[in-house]
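For reference, the structure discussed in these notes is given below.
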Amino acid sequence: MAEKIVILGNGFDLRHFLPTKYNHLITILREIGNYNFSDSEVSFSDLFNESFKQKDEFFYNGILNCYDVQNIKFNSDKLKSIQDRLIKNSWFQYLKTVEDSKIETWIDFETEINRVLKIVSIYFESFNRGDFEKIIYGFLGDESKFYTSNYDSNNYFHNKLQHNILINFNLFKDEDGDRYSILDKNFILTIDNEIQYFKEKKFFDSIYNSLEEFIGIFNDYLIFIVNSFYKNFKEDIKENFIIKNKKFLFNSVTKIYSFNYTNSLQKLYNNNFTSYKIEFLHGKSIENWGNKLEELEIVLGVDEIENSLKDDKLFQFTKYFQKLHKNTDYLFLDNVIKQFEKPMTKDEHNYVFYFWGHSLDISDKDYINDVFKIIKLRENNKIIVFYHSISAKAELLKNLLAVIQDKNIIEDLMKTKRLQFLESTPENLFNELA
């Protein structure tokens, strides 16, 4: 009898037409940011019928098919609290500016974090080398300030993007009709009105604090927006999604590891998880955290920072730092690996690992490598990857080859059917998991 372990990614939530894509989040946050709150409740149509429908009509129609949207209501006070934080949050304001560049996935979001850190670090390095003209000190308006002229900004910054990022994250601020950029004195040490150096650590700490605040906004998006969908899931849609021939999906599963932050498993599949445990690898959204950033459990960062950033000790932006710091499940399959490193016994279980809705991207390479390590230790273990389309299968295979790198391993496992790709049809899902 094989132990069945399911590893879930965001594709699981998307199969249930829950708006958890990165671009879903940014689109709805923009709607909340511009909303004029007057009533006690906000309807589904108020937030989803404009930009969301236009940008992803297929998904919008999927929501209409699966949920009683006329019953989906959002609390105005809760959304207003999100709106108030959006106005001041540097990450959201920056992400708004790049959203139209078709940044669509959470992997793209990680890329943007790395981009910001690298561009800021390059600016500090260039300033320290003396690559730029000295920042002007003098009276501007009715007080003395450190400032640059935006008419000749190339003398003070590498390019417009670098300038905009430093403005966005509040190292500088535009003034006098955007003619000048005023330097925030909190981030510099001066002697006799000469800048000696930037307080780089303090500035990077401010960027990280803004990221934590954005994580708080994201947490509340899941709690106040996504959670409102669960109780409105249509009963007649449960067939093929949750129940088939009176059998619940996941009935034969031993354990589930989820990369998601949502409570979809518990909320949609009711109490059918009493016989096994769900582990949230990157934490999960929580209610009533009281705006205490240290209470947040969500891990949202980059897989790795570039070597050039390690000198600045920017590890707080990495997932592995946040997992350690927030006490999420960073051990993953360690106990299973230790079991298989021992001599085989007669009553030893085999394992089947199912990846469902996970991109197999290199950003989660440590987890994927752990699974393949177990597969290589015992020839009766296997991996099944669910895909929703042929093009998605091709992407999954490419991502897997980038992680494992040795194509012979992938080829051998597929030839012996120890690595299989199955379309995520209801029939295949229930045959494997129910």
Considering ILE122, ILE195, which residue is surrounded by fewer than 19 Cβ atoms within 10 Å (Cβ to Cβ), of a type in the set (Val, Ile, Thr) and not in a helix (DSSP H, G or I)?
ILE195
Please tell me if VAL6 is crowded, with 19+ Cβ neighbours inside 10 Å, aliphatic (A, V, I, L, M) and assigned by TED's automatic domain parsing to the domain that holds PHE241.
yes
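The rows are residues; the columns are (1) surrounded by 15 or more Cβ atoms within 10 Å (Cβ to Cβ); (2) in contact with a strand residue (DSSP E or B) (Cβ under 7 Å, 6 or more places away or on another chain); (3) touching a residue at least 12 places away in the same chain (Cβ under 8 Å).
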{"residue": "LEU293", "(1), (2), (3)": "no, no, yes"}
{"residue": "LEU296", "(1), (2), (3)": "yes, no, yes"}
{"residue": "GLU304", "(1), (2), (3)": "yes, yes, yes"}
{"residue": "ASP311", "(1), (2), (3)": "no, no, no"}
{"residue": "GLN322", "(1), (2), (3)": "yes, no, yes"}
Filter the range 47-82 down to the residues that are within 14 Å of PRO19 (Cβ to Cβ), among the charged types (D, E, K, R) and in a helix (DSSP H, G or I) and list them by number.
LYS53, LYS55, GLU57
Being hydrophobic (A, V, I, L, M, F, W, C) and more than 28 Å from TYR351 (Cα to Cα) is the filter here; which residues of the range 219-255 pass it?
LEU222, ILE223, PHE224, ILE225, VAL226, PHE229, PHE233, ILE237
In the range 227-249, how many residues are within 26 Å of the chain's Cα centre (by Cα), in a loop (DSSP other than H, G, I, E, B) and modelled with pLDDT of 90 or more?
2
Yes or no: the range 205-223 includes at least one residue that is among the hydroxyl-bearing types (Ser, Thr, Tyr) and within 20 Å of SER126 (Cα to Cα).
no
Hey, among ILE256, ILE165, which residue is touching a residue at least 12 places away in the same chain (Cβ under 8 Å) and part of a strand (DSSP E or B)?
ILE256
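The rows are residues; the columns are (1) of a type in the set (A, V, I, L, M); (2) more than 23 Å from LEU413 (Cβ to Cβ); (3) touching a Phe, Trp or Tyr at 6+ places or on another chain (Cβ under 9 Å); (4) modelled with pLDDT under 80.
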residue	(1), (2), (3), (4)
TYR257	no, no, yes, no
LYS267	no, yes, yes, no
LYS277	no, yes, no, yes
THR318	no, yes, no, no
LYS323	no, yes, yes, no
LYS326	no, yes, no, no
VAL336	yes, no, yes, yes
PRO343	no, yes, no, yes
TYR354	no, no, yes, no
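The values are calculated or read from the model by the stated rules, or taken from the named source; none is laboratory data. Predicted model, so just to flag it, every value in this text is computed and none were measured. For neighbour counting, all protein chains shown are included, and Cβ atoms are generated from backbone atoms with ideal geometry for every residue, glycine included.
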